[in-house]
Structure formats: structure tokens, C-alpha cells
Amino acid sequence: MIPSAQPLPGRAKLAIRDLSMTFRGERDDVRVLEDIDLNVHEGEFVCVLGPSGCGKSTLLNIVAGFLPPTSGSVRIDGEEVHGPDSRRIFVFQERGVFPWLTVEGNIGFGLGRLSRQDRDFRIAHYVQLVGLKGFETAYPHELSGGMKQRVEVARALAVDPDMLYLDEPFGALDSITRLVMRGELLRIWQAEKKTILFVTHDIEESVQLADRVVILSARPARIRRIVEIDLPHPRDLSSRRYLELRDGIFEEIGLAHRI
Amino acid sequence: MLWDLAIRVSHVPLLPGPVAVARAIAELAQKGFLLKHIVASLFRVTWGYLLAVAVGIPLGILLAWYRRGGLAFAPLVEIVRPISALAWIPLAILWFGVGDLSAVFIIFIASVLPLTVAAMSAVANVSTTHWNAGRNFGLAPREIARRVLLPAILPRLLVGLRLALGIAWLVVVAAEMIAVNSGLGFLIIDARNAGNRYDLVVAGMVLIGTIGVGLDAAMRRIELLPGVRWGYAGSAEEAA
């Protein structure tokens with residue numbers, strides 16, 4: 001038995017209300033999101049979980065201000081979102097790294113307003129944090145997928161945002177690198193106290209990372225259920241509670257946990 | 001070698017041998033014509049090409065940026081593009097007379113549309129992810145143009161620039177045959193008209209080919225610079 005999360009008291013950092021999205025097609029309109037209501041609290045780590053193509057990336061793009069919703073609203077700190085904002089950084093898969101800039105250039109991309117000295121200091125700090133020391137002047141095409149992903153995370157963190165939006169950030173990585181990156185993200189989240197909205201189709205990933213997992217249905221996506229992951233970090237991936245929560249989500253999505 | 005052999009074997013004096021051509025080039029150099037013709041041709045190409053770059057690339061970027069304007073303009077581009085620049089020679093002479101200006105105009109006409117089209121397709125190919133990443137960091141449109149758009153299109157743009165320079169170099173020869181009285185194109189037509197000096201004709205051809213290869217090689221070197229090399233994935237560089 002897994003508990004459905006109760007809304008936490010206090011004001012939400014992010015409030016999504018009655019959000020719907022329809023893409024106008026050539027012949028038919030495609031309804032992607034339907035009546036999404038969600039609150040995310042300051043410092044919370046929320047995973048949005050759903051099958052491929054269900055619209056979870058669309059949801060994240062709307063929250064980030066890249067797409068206007070068809071109806072409904074997204075508010076952050078009570079203010080309606082009308083476009084992207086450097087206080088909330090979107091981390092794409094490693095595709096988002098600028099290939100024409102070095103590691104340093106990428107990490108310093110959002111730091112144009114700082115003095116040279118402050119900028120260099122910040123860049124050095126985040127190069128260190130994501131373990132890319134020695135690769136400062138390398139170009140992305142000289143790096144592995146995992147390293148590029150870390151460059152993107154560092155570029156996002158360097159501008160000190162309140163929130164991070166991650167869109168299947170580790171999807172293209174091999175399974176070992178993926179595990180390492182999850183650990184690093186959790187370490188950074190705990191150290192820097194960011195609010196994180198993390199989109200994934202990987203059930204295990206969501207249970208390993210999140211405070212709450214928002215399960216979406218197939219298209220048009222609605223929220224099927226919100227599951228609270230009441231496990232302290234670091235999480236024991238063979239504990240009874242972990243397996244119980246994981247299997248509960250498998251069941252919720254309608255998958256037999258056998259292959 | 002093969003060339004020399006073929007001519008000795010065939011006994012047909014339709015093509016001068018390499019020795020004769022080398023002698024002709026030496027003769028040109030001695031009389032001071034060699035440098036004069038080369039400089040004249042390069043001068044026209046430089047001006048026509050730079051003008052085309054200055055007009056074609058901003059135009060292409062603007063047309064791609066304001067998609068509606070681009071759509072209105074596209075049919076015009078498509079109709080004008082297949083007209084050989086050489087078809088403009090009569091008009092060029094009518095407007096600019098016989099002289100450098102005509103030749104520069106023809107080179108401009110030949111290379112401006114390929115550059116416009118190259119710039120348009122380069123902008124259209126910038127990934128949405130890079131746009132969004134740029135917007136996310138709170139950059140003003142001008143900053144996005146400078147720090148995302150320009151670097152993102154540069155690799156494709158350089159390919160367009162290289163191809164257009166090739167076209168400009170092709171066209172200068174034809175323009176010089178008609179519109180002026182110096183340059184490598186003039187050298188060829190003049191050598192034929194003034195006494196059937198086919199050794200000089202072939203000398204001109206060899207010079208044109210050599211300089212063409214040199215220009216292309218110079219442009220290719222730019223494509224190896226670190227800020228643009230990423231754009232040529234699948235090249236030997238990437239495979240190494």
C-alpha cells in the first residue's frame with residue numbers, strides 16, 4: 001500500500017492550475033495535456049513520470065515559459081510565467097551544450113553581468129563541483145556524453161537559479177554513468193537547496209530521486225496519482241520500503257514487474 | 001608527365017605541351033604580365049565577392065529571421081538563381097560600361113544569391129534547444145543574435161562562403177573575356193586573338209586552376225578553427 005501525498009501546508013513555489021495544451025495539427029488537433037493541477041514547494045524534488053510521448057516534456061516546456069499553454073496558468077512565487085527566466089534554468093539532455101564554446105565558455109555563458117574576476121571564480125567553482133577539472137578549455141565534441149551533461153548542469157547552477165527543470169537529463173547516458181549522475185544531482189540538490197522539477201520515463205529513477213513522484217497517464221496526459229517517497233537519503237535500493245514504492249508505481253502504470 | 005607523353009605520341013599540335021606552357025608562364029613573368037593579370041583578377045574577385053558577402057549574408061539572415069518576408073522573397077530568389085551570371089554581361093556593360101565595375105558587378109551577381117541561400121538555410125538549421133538555452137539565460141535579442149545565432153550558423157556559413165568564392169573565381173574569367181582588358185580571362189582570349197598563342201592560353205588555364213585550388217585550400221583552413229570545427233561532424237577530425 002502506497003500513500004497518496006497530501007498537499008503540504010505553506011505557499012507553493014510553483015503552482016500549476018487547470019493547465020491544458022492542444023497542438024494545432026494540419027488535420028487534427030492533438031490534445032496533449034488535460035487539467036493538470038500541481039503544487040511544488042520550495043526546495044522540493046519532484047519527478048514527473050509518464051510513458052514516452054505522453055506530454056511530460058511539453059508540460060516542462062510550458063512551466064519553463066518556452067511554450068504558452070492553451071488554457072490554465074503557471075505561477076511561480078505567485079507571479080504568472082510569461083517567458084523564460086534566468087532564475088529558473090532548463091537542463092536539456094546534453095544537446096543543450098553550446099558546441100562552439102569550451103567547457104569554461106559554456107559554464108560562464110549566463111554570467112555576462114559579473115566582473116571578470118567573479119566570473120572566473122564561479123566558473124572554477126562549478127568546474128570543480130561537477131568534476132571537470134583539467135577539461136576547462138576542451139570543446140564539447142571532445143567530451144563524452146556524461147561530461148557534456150555535467151557541463152550543462154554546471155552552466156545551469158552557475159547562475160544560481162531558484163529552480164532547475166530537467167528534461168530526461170540522463171536518458172542518453174549509459175547505465176553506470178546514469179547512476180553516478182543521479183548521485184551527483186542529489187548531492188548538488190542537498191548542498192544548494194534548489195527546487196527541482198525532473199521529467200523522466202524511468203520508474204526506478206523517479207523513486208531514487210524524488211520527494212514526490214507525479215504519475216501522468218498516456219496522452220492526453222492527466223495526473224493519475226502523486227506518490228510520496230518517504231525514504232531518507234541516501235536511499236537503500238534494496239530496502240523493503242523502496243521496493244514496495246517502486247512496485248506500487250509499476251502496478252499503477254499497469255506493468256507486471258516481470259520480463 | 002602523362003600530358004607530355006600524350007602530346008609526343010599523338011603528334012597533333014592541338015594542345016601545347018607542358019614544357020611550352022612552362023616557358024609561356026616564364027615569359028609572362030619576365031615581361032611583368034604575370035603578376036599584373038593575377039592581381040587584376042584577384043582585385044575584381046575580392047571586390048565583387050566582398051560586396052556579395054556584405055549584402056547576401058545579412059539579407060539571408062534577415063529573411064530567415066523574419067520568416068514572412070522570407071516567404072515573400074523566396075520565389076524571386078528561385079527564379080533569379082538559375083540565370084547564369086554571364087547572362088547579365090550585356091546589362092552590366094550597358095549600366096557600368098566596359099571596365100572593372102562591370103566585372104565586379106557580374107561577380108557580385110554570381111555569388112550573392114548562393115550566399116543569401118546559404119545564410120537562410122544556416123539560420124533555419126539552428127536547433128530549437130540552442131535558441132531556448134540562449135533565451136533561458138535572459139539574453140536580449142541582440143545578445144542572442146551575437147552569442148547564439150552567429151556562432152551557431154558559422155560552420156554552414158563558411159561552407160557557403162567557400163562555394164561562393166569558387167563561383168566568383170569561375171565567373172571572373174568569363175567577365176574578363178568580355179568586359180575588360182586585363183586579368184587572366186583577358187590573357188586567354190587575347191592570346192588566342194592576337195596570334196593563336198595556345199601556349200599562353202593553356203598557361204592562363206593552369207594559373208586559374210592553381211589559384212582556384214589555393215583559394216579553396218585557404219577557406220578550408222578556416223573550417224579547422226576550434227570555434228567552428230564542431231559543425232563538420234563526420235569529418236576526418238571527428239573520426240580520429
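Annotations for the structure displayed:
- Selected residue [under 21 Å from A:GLU184 (Cβ atoms), out of contact with any Gly (no Cβ under 6 Å at 6 or more places or on another chain), away from every other protein chain (no Cβ under 14 Å) and assigned to a loop (DSSP other than H, G, I, E, B)] from A:GLY110, A:GLY131: A:GLY131
- A:ARG150 farther than 20 Å from B:ARG146 by Cα, within 14 Å of chain B (Cβ to nearest Cβ) and among the basic types (Lys, Arg): no
- For the stretch B:103-124, the condition holds for no residue, the condition being that it is within 12 Å of chain A (Cβ to nearest Cβ) and either closer than 30 Å to A:THR58 by Cβ or over 19 Å from the mean Cα position of the chain (by Cα) (or both).
- Any hit, the stretch B:142-155, residues being farther than 22 Å from A:GLU152 by Cα, part of a helix (DSSP H, G or I), without any contact (Cβ under 8 Å) to a residue 24 or more places away in the chain and within 14 Å of chain A (Cβ to nearest Cβ): yes
- Condition met for B:ARG68 (over 13 Å from B:PRO114 (Cα atoms), touching a residue at least 60 places away in the same chain (Cβ under 8 Å), assigned to a helix (DSSP H, G or I) and of a type outside the set (A, V, I, L, M)): no
- The sole residue among B:VAL112, B:VAL159 that is farther than 25 Å from A:PHE66 by Cβ, touching a residue at least 40 places away in the same chain (Cβ under 8 Å) and surrounded by fewer than 20 Cβ atoms within 10 Å (Cβ to Cβ) is B:VAL159.
- When the criteria are applied in full, A:SER71 meets the requirement of being more than 27 Å from B:GLY231 (Cα to Cα) and in contact with a Leu (Cβ under 8 Å, 6 or more places away or on another chain).
- Test: residue in the stretch B:200-214 that is closer than 30 Å to B:VAL123 by Cβ, within 12 Å of the chain's Cα centre (by Cα) and not small (Gly, Ala, Ser): no
- Meets criteria (part of a helix (DSSP H, G or I) and closer than 20 Å to A:ARG87 by Cβ) for A:ARG122: yes
- Within the stretch B:78-94, the residues that satisfy the criterion of being among the aliphatic types (A, V, I, L, M), out of contact with any helix residue (DSSP H, G or I) (no Cβ under 6 Å at 6 or more places or on another chain) and assigned to a helix (DSSP H, G or I) are B:ILE79, B:VAL80, B:ALA87, B:LEU91, B:LEU94.
- Selected residue [among the hydrophobic types (A, V, I, L, M, F, W, C), in contact (Cβ under 8 Å) with a residue 24 or more places away in the chain, closer than 24 Å to A:PHE250 by Cα and surrounded by fewer than 19 Cβ atoms within 10 Å (Cβ to Cβ)] from A:ALA210, A:ALA172: A:ALA172
- Filtered residues of the stretch A:63-91 (kept if hydrophobic (A, V, I, L, M, F, W, C) and surrounded by 22 or more Cβ atoms within 10 Å (Cβ to Cβ)): A:VAL63, A:ALA64, A:VAL74, A:ILE89, A:PHE90, A:VAL91
The numbers here are math on the coordinates, done by the rules we state, and not lab data. Quick caveat, the model's predicted, so the values are computed rather than measured. Cβ atoms come from the backbone with ideal geometry, glycine included; neighbour counts cover every protein chain shown.
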